[in-house]
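Q: Before I ask anything, here is the structure I am working with.
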Amino acid sequence: MNIPLNITKTIHDWIFSIMPEGLATFTEWVLIAAAYLALFAVAGLYLVLLERKVAAWFQLRLGPNRVGPWGIFQTMADALKLVSKELTSTEKIDKFLYNLAPYFVIVSALIAIGVFPFSRQFQAFDINIGVFFLFAVSSIGVIGILLGGWASNNKFALIGAMRSGLQTISYELSVGLSILTMVLLTGSLQLSEIIEVQRTGGWLILQGHIPAIIAFMIFMIAGTAETNRAPFDLVEAESELGAGFHTEYSGMKFAYFFLAEFINMFIIASIAVVLFFGGWLSPFGITDEITWFPESIWFLIKVLIIIFLMMWFRWTFPRLRVDQLLTLEWKYLLPINLVNLVLMAIIIWLNWTI
Amino acid sequence: MKNEDLQNIINGFGENLEFTTEESEFLNVIVPKEQLHEVCNQLKTNSNLKFDYLYCLTGMDWGTDLGVIYHLESTELKHLIVVKVKTDDRENPTLDSVCDIWRTAEFHEMEVFDFFGIKFNNHPNLKRLFLTPDWDGFPLRKDYVDEANMIVK
Amino acid sequence: MVEKEIINKMKTEEYFVNMGPQHPAAHGVLRLLLTIDGEIIKNVDPDLGYIHRSIEKMCERDSYQQIVHLTDRMDYLSSHINNEAVCLAVEKGLDIEVSDRVKVIRTIVSELTRLASHQLWWGVIGMDLGALTTYFYAFRDREMINDIFEETCGARLTMNYNVPGGLMFDIHPNFVNRVKEFLAHFKTKLPEYDRLLTGNVIFQKRTKGVGILTKEDAISYGATGPVGRGSGFACDVRKTHPYSAYDRVEFKEALFTEGDSLARYKVRIMEMWESMSIIEQLIDNIPEGDIKTPTKAVIKLPKGEYYQRVEAARGELGVYINSTGTKNPYRVKFRSAGFSNLSVLNHITKGAKIADLVATMASFDFVIPDIDR
């Protein structure tokens, strides 16, 4: 938790000067959590806006353009509306689980965002098993979806939740194996170290050449499936299941599910950027000499490019069927991934990396 | 095939079949209801007729009689025919179902049952298709009265 | 083999799902009672009547001119063709021969209606399969046709352009130019449809071999239109029983023998090309002539039965009119394509997945008011 920007240092010193040490540390935790929550909300809302704009662009429309210039306050207004809405539910729900489910989804997304190195210093939690932790935390979200679908006492929601369960369990394998392929190359699970490796040797997608490119492609496919987005949005497949697992949710609880989807997309894109595209490192080191340059800009640009790619998928592809989804994973992606892992090991053993 | 030839072939399928081309562009065959299924079966399977396409099935209330009109076409031999069947029992009209011969009849007969109250023997799933199960009366019958919902000129 | 044994030994429980009457895939108020085992469909039982208005009963109290207006509300996407069917039946009863001009204009407008209907369907099939973008591409082009209709008929959807004996009024002076403009535009856009959806691997996987209907079943179930023709059933009324100006134009009947959802898709795409070709053949030389053969203000059909078949966008539409010689028909029956096509659904979706049911329904292109009437 070392944020050396002067403003953070000033706050740090000020807090420690007016409080005993234990309380001051606690206060700092709370402040950082609040900062991350704000980041989370803003990122979520503007990703929704971005999605709507991108969709409009693909669909020969204008997109939101009434609230604020270019509609930039549209999602804010939507969020306000959702907050003020009544939380309705049906009678025969399992109340406890029904209310718990959205928090599972949103909290797991929130925890995951904490470990990302947005820049050299902008990282809340640089844990030495970073990738592993990220991977573990992001898969908790599916419990929320399963609970939501089950507790809603709605058959469409249940079908959606069951689909989500089998989808996430299957594609977690591919995400994990493709990450593992890259970890072979870096030799570290710590996210900051993974980026440090790329500073000298070039981005990992170049270092690992063919196996890295294969791993990236599999990661993008599986990652899109992880986030339950088209063409893998069977979970909410609106033409089949109405709204899928969140059919019975309204107001802010629905918004949690909705927001979590976008944050998950952000997480997948961030993992891709850290593992394949050098995180916050500038391309060819062009801003390495400029000390005041906020490196997180590079991180964000790369993340947005990956997110745009995922939106591109969503607005052009039809949806897969559930058995085709499983066939793709178990019969194609998984074997390719396993072979790819061995290939990567051989390449590292023979020292063929660039 | 000419209407006369059709008439000659069909005449052998049963007794008391009436033929007419009056007031219609097709050859009309009026079949006694007891022989309906047998005649229809022959119409479909006879190698000179091959009426395999039932393109319209109409329920009908002639005032005294209730009945069904079948418009048939042969997709191979291109000839057309109309089969009519009547029953004078307005309380409990019953006819044989032809949905084992032409599958399309299954839904159309449900429609006829719904609006005319004609029951079909051997129909797999005869239920009210359009109206609610507890609907009173059969709306397309001429003696149906519903003062609340019908505007009569 | 072992897998099958294990599956057979697994105890599963069938459950019941109410798909509709308000459901995004039903395109209206169609209620399907599904019996499902996991994701596999065991039985589909349609329950209709949520938009039933008893048009046939209403026809019995109305005059023949008024009946035409009711038919718009059946299959609202091919409203002009429905109007035409009734008008042709009444003209048959009155023994009126309409002028060539009327015939040609009716044919052109019918084909434009078919194009508009198929465009909407193309947008919707993409949406049902999860590719939302197709909808907007389809509507961009459909808008042009609607504008043409608006200029000539004053209405965009329920046109009422036909009256027994001819047309309500003559075409707008801009009509010919705008139709040509549209054809030139759409000829460049239809290949775009193929590029966006037809060639997509996922789309092919979702539709190929899904909902297979054999030719024998298609005939037996009376499945007509693109559904029948996708199964190789040559049921195009424009070819088998030509009406209006269809006997003087050259066009191919779109026939595919696979019988799956993709075949039905291809039939419609091909029909769009054929419709454009039909319009092209007629648009340059619309003959001069009266736009209406005068009829009496109160039309009384001679005693008898009249049957008229036309090819609507969804299949064969039949109009049966039984007249006793009064100003109202004694009995009117509309044989709608959607109703017969719907009866196939249970037969071909048994054992398929829920997603397959949606894909099949999308390829059938149901319009619920057409089924319910």
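The values are calculated or read from the model by the stated rules, or taken from the named source; none is laboratory data. On a predicted model such as this, the values are computed, not experimentally measured, just so you know. Ideal geometry is used to build each Cβ from the backbone, glycine not excepted, and the neighbour counts take in all protein chains shown.
Q: Looking at this structure, is B:VAL31 more than 14 Å from every other protein chain (Cβ to nearest Cβ), within 26 Å of B:LYS142 (Cα to Cα) and of a type in the set (Val, Ile, Thr)?
A: Criteria met by B:VAL31.
Q: Can you report the number of residues in the range B:34-52 which are within 13 Å of chain C (Cβ to nearest Cβ) and aliphatic (A, V, I, L, M)?
A: The total comes to 0.
Q: Okay, next question. Within the range C:129-152, identify whether any single residue is at pLDDT below 85 and surrounded by fewer than 24 Cβ atoms within 10 Å (Cβ to Cβ), and answer yes or no.
A: Yes, some residue in the range C:129-152 is at pLDDT below 85 and surrounded by fewer than 24 Cβ atoms within 10 Å (Cβ to Cβ).
Q: Starting from residues that are out of contact with any Phe, Trp or Tyr (no Cβ under 8 Å at 6 or more places or on another chain) and either among the aromatic types (Phe, Trp, Tyr) or not in a helix (DSSP H, G or I) (or both), keep the ones in the range A:319-337 and report whichever is nearest to A:LEU173 (Cα to Cα).
A: Out of the qualifying residues, it is A:TRP330.
Q: Check off (1) assigned to a loop (DSSP other than H, G, I, E, B); (2) surrounded by 18 or more Cβ atoms within 10 Å (Cβ to Cβ); (3) without any contact (Cβ under 8 Å) to a residue 40 or more places away in the chain for B:GLU25 and give me the number that stays unchecked.
A: Only one criterion in (1) assigned to a loop (DSSP other than H, G, I, E, B); (2) surrounded by 18 or more Cβ atoms within 10 Å (Cβ to Cβ); (3) without any contact (Cβ under 8 Å) to a residue 40 or more places away in the chain is unmet by B:GLU25, namely (2).
Q: Still on this model: Select from the range B:44-95 the residues that are touching an Asp or Glu at 6+ places or on another chain (Cβ under 7 Å), charged (D, E, K, R) and under 20 Å from C:THR224 (Cα atoms) and list them in ascending order.
A: B:LYS44, B:LYS50
Q: Restricting attention to helices (runs of 4 or more DSSP H) lying wholly within the range C:12-129, give those where 2 or more residues are under 28 Å from C:ARG178 (Cα atoms).
A: Correct list: C:64-71, C:79-94, C:100-128.
Q: Answer yes if at least one residue in the range A:167-175 is surrounded by fewer than 18 Cβ atoms within 10 Å (Cβ to Cβ), at pLDDT below 85 and in a helix (DSSP H, G or I), and no otherwise.
A: Residues of the range A:167-175 surrounded by fewer than 18 Cβ atoms within 10 Å (Cβ to Cβ): A:169, A:173.
Restricting the remaining residues to those that are at pLDDT below 85 gives A:169.
Checking which are in a helix (DSSP H, G or I) leaves us with A:169.
Yes, because at least one residue in the range A:167-175 is surrounded by fewer than 18 Cβ atoms within 10 Å (Cβ to Cβ), at pLDDT below 85 and in a helix (DSSP H, G or I).
Q: Every residue in the range C:334-373 that is at the interface with another protein chain (Cβ under 9 Å from one of its Cβ atoms), outside any helix (DSSP H, G or I) and in contact with a helix residue (DSSP H, G or I) (Cβ under 6 Å, 6 or more places away or on another chain), please.
A: Matches in the range C:334-373: C:SER343, C:ARG373.
Q: Now for a separate question. Within the bounds of the range C:258-268, is there any residue that is within 13 Å of chain B (Cβ to nearest Cβ) and touching a residue at least 12 places away in the same chain (Cβ under 8 Å)?
A: Taking every residue of the range C:258-268 in turn, none turns out to be within 13 Å of chain B (Cβ to nearest Cβ) and touching a residue at least 12 places away in the same chain (Cβ under 8 Å).
Q: Working only within the range B:74-131, note down all residues that are free of Cβ contacts under 8 Å to residues at least 24 places away in the same chain and aromatic (Phe, Trp, Tyr).
A: B:PHE107, B:PHE113, B:PHE130
Q: In the range B:139-152, what count of residues is obtained for those that are more than 17 Å from the chain's Cα centre (by Cα) and either under 17 Å from C:CYS59 (Cβ atoms) or at pLDDT 85 or above (or both)?
A: 8
Q: Residues to consider are C:GLY228, C:GLY232, C:GLY154; find the one that is on the phi > 0 side of the Ramachandran plot and within 14 Å of chain B (Cβ to nearest Cβ).
A: Sole residue among the options that is on the phi > 0 side of the Ramachandran plot and within 14 Å of chain B (Cβ to nearest Cβ): C:GLY232.
Q: Can you find even one residue in the range C:136-154 that is part of a loop (DSSP other than H, G, I, E, B) and more than 20 Å from C:TYR265 (Cα to Cα)?
A: Just the residues of the range C:136-154 that are part of a loop (DSSP other than H, G, I, E, B), to begin with: C:154.
Still in the running and more than 20 Å from C:TYR265 (Cα to Cα): C:154.
Looking through the range C:136-154, at least one residue is part of a loop (DSSP other than H, G, I, E, B) and more than 20 Å from C:TYR265 (Cα to Cα).
Q: Can you go through C:ASP170, C:ASP128, C:ASP147, C:ASP217 and tell me which one is among the acidic types (Asp, Glu), over 24 Å from C:SER275 (Cα atoms) and more than 12 Å from chain A (Cβ to nearest Cβ)?
A: On the way: C:ASP170 fails: over 24 Å from C:SER275 (Cα atoms); C:ASP128 fails: more than 12 Å from chain A (Cβ to nearest Cβ); C:ASP147 fails: over 24 Å from C:SER275 (Cα atoms).
Among C:ASP170, C:ASP128, C:ASP147, C:ASP217, only C:ASP217 is among the acidic types (Asp, Glu), over 24 Å from C:SER275 (Cα atoms) and more than 12 Å from chain A (Cβ to nearest Cβ).
Q: Quick one: which residue in C:SER336, C:SER275, C:SER343, C:SER323 is buried (at least 20 other Cβ atoms within 10 Å of the Cβ), of a type in the set (Gly, Ala, Ser) and farther than 30 Å from B:MET110 by Cα?
A: Going through C:SER336, C:SER275, C:SER343, C:SER323 in turn, just one is buried (at least 20 other Cβ atoms within 10 Å of the Cβ), of a type in the set (Gly, Ala, Ser) and farther than 30 Å from B:MET110 by Cα: C:SER275.
Q: Something else: Counting just the residues of the range A:176-214 that are over 20 Å from the mean Cα position of the chain (by Cα) and outside any helix (DSSP H, G or I), which one comes out farthest from A:GLN123 (Cα to Cα)?
A: Residue satisfying both the conditions and the ranking: A:GLY208.
Q: To continue, here is another question. Mind checking which residues of the range C:177-236 are touching a Lys or Arg at 6+ places or on another chain (Cβ under 9 Å), surrounded by fewer than 22 Cβ atoms within 10 Å (Cβ to Cβ) and of a type in the set (Lys, Arg)?
A: C:LYS189, C:LYS205 - these are the residues of the range C:177-236 that are touching a Lys or Arg at 6+ places or on another chain (Cβ under 9 Å), surrounded by fewer than 22 Cβ atoms within 10 Å (Cβ to Cβ) and of a type in the set (Lys, Arg).
Q: Give just the number: which of (1) in contact (Cβ under 8 Å) with a residue 12 or more places away in the chain; (2) more than 12 Å from B:VAL112 (Cβ to Cβ) does B:THR45 not satisfy?
A: (1) is the only condition that B:THR45 fails.
Q: Is there a residue in the range A:204-225 that is within 14 Å of chain C (Cβ to nearest Cβ), buried (at least 24 other Cβ atoms within 10 Å of the Cβ) and either modelled with pLDDT of 80 or more or in contact with a Gly (Cβ under 8 Å, 6 or more places away or on another chain) (or both)?
A: Scanning the range A:204-225, I find at least one residue that is within 14 Å of chain C (Cβ to nearest Cβ), buried (at least 24 other Cβ atoms within 10 Å of the Cβ) and either modelled with pLDDT of 80 or more or in contact with a Gly (Cβ under 8 Å, 6 or more places away or on another chain) (or both), so the answer is yes.
Q: Checking the condition farther than 23 Å from B:TYR53 by Cα, within 14 Å of the chain's Cα centre (by Cα) and at pLDDT 85 or above, which residue from B:PHE107, B:PHE130, B:PHE116 passes?
A: It is B:PHE116.
Q: If you check C:GLY211, C:GLY222, C:GLY199, which single one turns out to be touching a Ser or Thr at 6+ places or on another chain (Cβ under 8 Å), more than 14 Å from chain B (Cβ to nearest Cβ) and either farther than 30 Å from C:ARG335 by Cα or modelled with pLDDT under 90 (or both)? Before the answer, list the steps.
A: Details: C:GLY222 fails: more than 14 Å from chain B (Cβ to nearest Cβ); C:GLY199 fails: touching a Ser or Thr at 6+ places or on another chain (Cβ under 8 Å).
Being touching a Ser or Thr at 6+ places or on another chain (Cβ under 8 Å), more than 14 Å from chain B (Cβ to nearest Cβ) and either farther than 30 Å from C:ARG335 by Cα or modelled with pLDDT under 90 (or both) holds for just one of C:GLY211, C:GLY222, C:GLY199, which is C:GLY211.
Q: Filter the range A:47-78 down to the residues that are within 14 Å of another protein chain (Cβ to nearest Cβ), among the small types (Gly, Ala, Ser) and assigned to a loop (DSSP other than H, G, I, E, B) and list them by number.
A: A:GLY63
Q: Quick one: in the range C:280-324, which of the residues that are assigned to a loop (DSSP other than H, G, I, E, B) and at the interface with chain B (Cβ under 10 Å from one of its Cβ atoms) is farthest from C:VAL237 (Cα to Cα)?
A: Within the range C:280-324, the match that is farthest from C:VAL237 (Cα to Cα) is C:THR324.
Q: Now, a different point. Return only the number of the condition from (1) at pLDDT 80 or above; (2) under 16 Å from A:GLY144 (Cβ atoms); (3) not polar (S, T, N, Q) that A:ALA243 does not satisfy.
A: (1) is the only condition that A:ALA243 fails.
Q: Could you tell me which residue of the range A:234-277 is surrounded by the most Cβ atoms within 10 Å (Cβ to Cβ), considering only residues that are over 10 Å from the mean Cα position of the chain (by Cα) and among the acidic types (Asp, Glu)?
A: A:GLU240
Q: Continuing with this model, one more query. In the range A:284-291, is there at least one residue being charged (D, E, K, R), free of Cβ contacts under 8 Å to residues at least 60 places away in the same chain and within 14 Å of another protein chain (Cβ to nearest Cβ)?
A: no
Q: Give me the residue from the range B:53-81 that is part of a loop (DSSP other than H, G, I, E, B) and either basic (Lys, Arg) or under 11 Å from B:PHE26 (Cβ atoms) (or both) and, out of that set, farthest from the other protein chains (Cβ to nearest Cβ).
A: Only one residue fits best here, namely B:HIS79.
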